């Protein structure tokens, strides 16, 4: 594993734990606002060497690996918020998406990240969910 990949994996693990705790303590709106406030969009050195799509896939893999190896149960919202945070930090135009579907008599929801036409979803189930009309990432930011 390269030094960059190790750094991405560590970053993903730390941000995933922070996101899980942040959601539990403050709730979705407050934690999403905190991420926006914490995020700097100056980019990093990898942006000069890699395309946005390559960076996005590397971040997606890092979050997925961290979620699998942490002794902490995470869900799609934890992972999507963490990935969205990591991409925003690198100045990439990521969009947090939340959708729903009815599976027989059960209502199900799912969170994922999109960047352009690319769907970043480690679980690869976002295509079977109908995304809400408006991006959840922009809810509550109109007044700013």
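Going through (1) more than 18 Å from residue 9 (Cα to Cα); (2) touching a strand residue (DSSP E or B) at 6+ places or on another chain (Cβ under 6 Å); (3) at pLDDT 85 or above one by one, residue 137 falls short only on (3).
Within the range 45-73, residues that are at positive phi and surrounded by fewer than 16 Cβ atoms within 10 Å (Cβ to Cβ) have Cβ atoms under 6 Å from residues that are assigned to a helix (DSSP H, G or I) and at pLDDT below 90 in no pair, counting only partners at least 6 apart in sequence or on another chain. Which members of the range 96-109 meet the condition of being touching a residue at least 24 places away in the same chain (Cβ under 8 Å) and either over 24 Å from residue 33 (Cα atoms) or buried (at least 22 other Cβ atoms within 10 Å of the Cβ) (or both)? Those that are touching a residue at least 24 places away in the same chain (Cβ under 8 Å) and either over 24 Å from residue 33 (Cα atoms) or buried (at least 22 other Cβ atoms within 10 Å of the Cβ) (or both): 96, 97, 101.
The values are calculated or read from the model by the stated rules, or taken from the named source; none is laboratory data. No experiment lies behind these values; they were computed from the predicted model shown. As a convention, Cβ positions derive from the backbone with ideal geometry for all residues, glycine included, and neighbour counts pool all protein chains shown.
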